[in-house]
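Enquirer: Below you will find the structure I want to go over with you.
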């Protein structure tokens with residue numbers, strides 16, 4: 001969601017800050033801003049509604065100087081997208097702040113601060129922070145002490161950076177529920193919400209922990225824990241790479257990342273399969289001890305990751321004979337639940353910072369789960385650091401808000417987990433070898449699925465004037481229908497729903513007419529004949545069908561049904577392969593609709609608030 005960049009250096013930092021914001025554009029935002037402080041204590045601030053380029057253009061005509069600065073891309077929570085609600089926010093023309101997260105007690109604090117004489121210029125919850133710090137500094141010896149006192153009164157989530165023009169040599173940062181990373185340079189230091197923002201200036205990073213407050217100067221970094229005690233946080237060398245401007249030959253990041261899936265799958269399998277077995281080490285050094293004890297799996301996720309968890313539930317119960325529950329993280333957090341004996345909590349998140357999922361992990365630790373595992377794409381993220389085990393997806397940076405390669409790689413990791421846990425249950429050596437073989441065939445099968453791009457592009461033209469659609473699947477393909485519907489609504493803004501095909505007669509048939517496309521995923525498995533009966537129910541009511549079917553499934557195109565033949569694959573990996581046509585369909589429909597494919601309206605890549 002919102003992006004933060006900060007710097008303390010001998011050189012002017014505005015260009016560094018803006019480049020950092022560009023590298024965070026994938027997270028989703030509606031406005032941006034920058035504030036700098038010169039060595040003489042002159043504070044300058046520029047904010048703009050819209051893309052970071054609007055901010056860059058404004059700075060080109062009116063450059064801001066200074067070696068200390070903070071910058072931000074805002075995704076609106078409190079207050080409409082506007083320049084006056086954009087960050088940084090300033091108090092008394094002296095203190096500036098940028099903030100990710102939500103301050104839940106902002107209304108109460110706002111009333112208290114107004115009573116003290118402070119005037120609010122925005123509708124945001126963030127502005128209470130800067131006024132509160134300005135008030136606190138009157139009663140403390142330093143900015144860091146003022147911030148420590150202020151955060152003690154804040155309820156909610158925050159990752160913040162504060163600058164004071166009266167002390168231009170330092171920035172103070174605080175983290176609770178929203179990630180922040182310190183970047184270490186030579187004679188200069190940096191802060192960001194994502195290390196990708198800082199790769200042009202440093203490769204050395206330390207991640208702040210919950211409750212940390214840090215003081216950052218050119219000479220060094222001092223970190224204090226939630227009790228105010230000095231602490232050290234491990235500094236690591238990043239091997240990440242990302243060029244925010246490089247789409248290669250592709251028009252959009254989403255298409256580029258869709259086509260990267262074969263190599264992403266190769267990367268996630270590398271070194272994790274051997275002699276027909278899944279290596280326990282794929283899930284971390286504790287896995288060999290923990291996995292044999294697991295008798296139940298609880299998957300927690302949001303959005304696309306929830307859909308992958310739904311596929312995994314079929315796999316766990318059908319292949320491994322292990323009961324598996326899947327729940328949306330925001331629901332799991334706020335209901336009383338039962339913890340089965342020897343239960344493993346599995347969290348799924350591309351970013352590793354999804355607020356609801358992270359909170360669910362912390363709650364689960366209090367509820368007596370045997371252990372926890374995260375399947376995540378970002379090493380060093382909060383979920384990775386706070387889980388007992390971690391499967392790092394190695395999918396590479398995903399820029400498009402609508403997840404593509406992270407979803408399929410996540411599914412591959414889940415199928416490997418089924419084999420590793422099930423080895424001590426119902427997964428025989430032969431079945432595990434079949435799983436491994438199917439996974440090893442995935443890159444080639446995905447390459448074959450990508451050859452359908454041209455046919456799907458042509459088919460997408462039928463959706464030009466459509467406003468509603470229905471996706472159908474059965475068994476493991478039902479969650480893939482859910483994912484297809486999610487993708488279409490995310491980037492084309494067409495209302496889309498997904499149903500288990502057997503549910504048609506229990507309500508959705510009332511919607512069927514020639515104006516609602518019905519998209520069906522139809523691999524050649526034991527449910528095929530049942531699915532064909534459901535298809536006939538649609539045809540009998542005048543529905544128009546688009547069927548993605550196994551080439552041996554014997555569907556034939558006619559005036560009411562268009563069939564796209566998908567290469568035959570082992571049913572174990574069919575959910576992964578059938579995802580590709582759903583991604584391509586949503587992409588081409590979005591192009592026809594003229595929407596912003598990579599940054600769809602109102603959405604964000606990394607959802608770090610509730």
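The values are calculated or read from the model by the stated rules, or taken from the named source; none is laboratory data. The shown structure was predicted, so the numbers you read here are calculated from the model rather than taken from an experiment. Because the Cβ atoms are built from the backbone with ideal geometry, glycine has one as well, and the counts that use them run over all protein chains shown.
Enquirer: Residue by residue through segment 229-270, note down the ones that are loosely packed, with under 11 Cβ neighbours inside 10 Å, at pLDDT 90 or above and part of a strand (DSSP E or B).
Expert: 230
Enquirer: Quickly run through segment 106-155 and pick out the residues that are within 22 Å of residue 3 (Cα to Cα) and not in a helix (DSSP H, G or I).
Expert: 121, 122, 123, 124, 125, 126, 154, 155
Enquirer: Here's something else I'd like to know. Conditions: (1) closer than 23 Å to residue 195 by Cβ; (2) in a helix (DSSP H, G or I); (3) at pLDDT 90 or above. Residue 318 meets all but one. Number of the miss?
Expert: (1) is the only condition that residue 318 fails.
Enquirer: All but one of (1) out of contact with any strand residue (DSSP E or B) (no Cβ under 7 Å at 6 or more places or on another chain); (2) more than 21 Å from residue 503 (Cβ to Cβ); (3) surrounded by fewer than 23 Cβ atoms within 10 Å (Cβ to Cβ) hold for residue 562, so report the exception by its number.
Expert: The one condition residue 562 does not meet is (1).
Every residue, every condition in (1) in contact with a helix residue (DSSP H, G or I) (Cβ under 8 Å, 6 or more places away or on another chain); (2) at pLDDT below 90; (3) buried (at least 23 other Cβ atoms within 10 Å of the Cβ), yes or no:
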position	(1), (2), (3)
507	no, yes, no
510	no, yes, no
520	yes, no, yes
575	yes, no, yes
590	yes, no, yes
593	yes, no, no
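Enquirer: I would also like to ask the following. Just one of 423, 474 is modelled with pLDDT under 95 and within 17 Å of residue 523 (Cβ to Cβ); which is it?
Expert: Testing whether each residue is modelled with pLDDT under 95 and within 17 Å of residue 523 (Cβ to Cβ) leaves just 474.
Enquirer: Could you please let me know if residue 420 is under 26 Å from residue 321 (Cβ atoms) and either part of a helix (DSSP H, G or I) or not assigned by the TED database to the domain that holds residue 312 (or both)?
Expert: Yes.
Enquirer: Out of (1) on the phi > 0 side of the Ramachandran plot; (2) surrounded by fewer than 22 Cβ atoms within 10 Å (Cβ to Cβ); (3) free of Cβ contacts under 8 Å to residues at least 40 places away in the same chain, the odd one out for residue 334 is which?
Expert: (1)
Enquirer: Failed condition for residue 579, given (1) modelled with pLDDT of 85 or more; (2) in a helix (DSSP H, G or I); (3) surrounded by fewer than 20 Cβ atoms within 10 Å (Cβ to Cβ), with all others met?
Expert: (3)
Enquirer: Out of everything in segment 271-297 that is part of a loop (DSSP other than H, G, I, E, B) and out of contact with any helix residue (DSSP H, G or I) (no Cβ under 7 Å at 6 or more places or on another chain), what residue ends up being surrounded by the fewest Cβ atoms within 10 Å (Cβ to Cβ)?
Expert: Here the residue is 275.
Enquirer: Go through segment 3-56 and tell me which strands (runs of 3 or more DSSP E), entirely inside it, have 1 or more residues that are without any contact (Cβ under 8 Å) to a residue 60 or more places away in the chain.
Expert: Passing ranges, in order: 31-37, 43-49.
Enquirer: Taking the options 447, 386, name whichever one is farther than 20 Å from residue 323 by Cβ and over 19 Å from the mean Cα position of the chain (by Cα).
Expert: 447
Enquirer: On to the next question. Residues 100, 85, 105: which one is without any contact (Cβ under 8 Å) to a residue 60 or more places away in the chain, surrounded by 19 or more Cβ atoms within 10 Å (Cβ to Cβ) and closer than 25 Å to residue 603 by Cα?
Expert: The conditions single out 85.
Enquirer: Which one is modelled with the highest pLDDT, of the residues in segment 331-345 that are part of a loop (DSSP other than H, G, I, E, B) and in contact with a helix residue (DSSP H, G or I) (Cβ under 6 Å, 6 or more places away or on another chain)?
Expert: So the residue we want is 342.
Enquirer: I would also like to ask the following. What's the number of the only condition in (1) farther than 23 Å from residue 179 by Cβ; (2) buried (at least 20 other Cβ atoms within 10 Å of the Cβ); (3) touching a residue at least 60 places away in the same chain (Cβ under 8 Å) that residue 324 fails to meet?
Expert: (3)
Enquirer: I would also like to ask the following. Please list, ordered by first then second residue, the pairs with beta carbon atoms under 8 Å, 6 or more apart or interchain, first in segment 401-412 and in the same structural domain as residue 309 (by the TED database) and surrounded by fewer than 24 Cβ atoms within 10 Å (Cβ to Cβ), second modelled with pLDDT under 95 and not in a helix (DSSP H, G or I).
Expert: Partner pairs satisfying both residue conditions: 401/28; 401/598; 401/599; 401/600; 401/603; 401/604; 401/605.
Enquirer: Evaluate the following for residue 371: is it assigned by the TED database to the domain that holds residue 413, surrounded by fewer than 22 Cβ atoms within 10 Å (Cβ to Cβ) and in contact with a helix residue (DSSP H, G or I) (Cβ under 7 Å, 6 or more places away or on another chain)?
Expert: yes
Enquirer: Can you pull out the residues in segment 172-212 that are part of a strand (DSSP E or B) and crowded, with 24+ Cβ neighbours inside 10 Å?
Expert: 172, 173, 174, 175, 181, 182, 183, 189, 190, 191, 192
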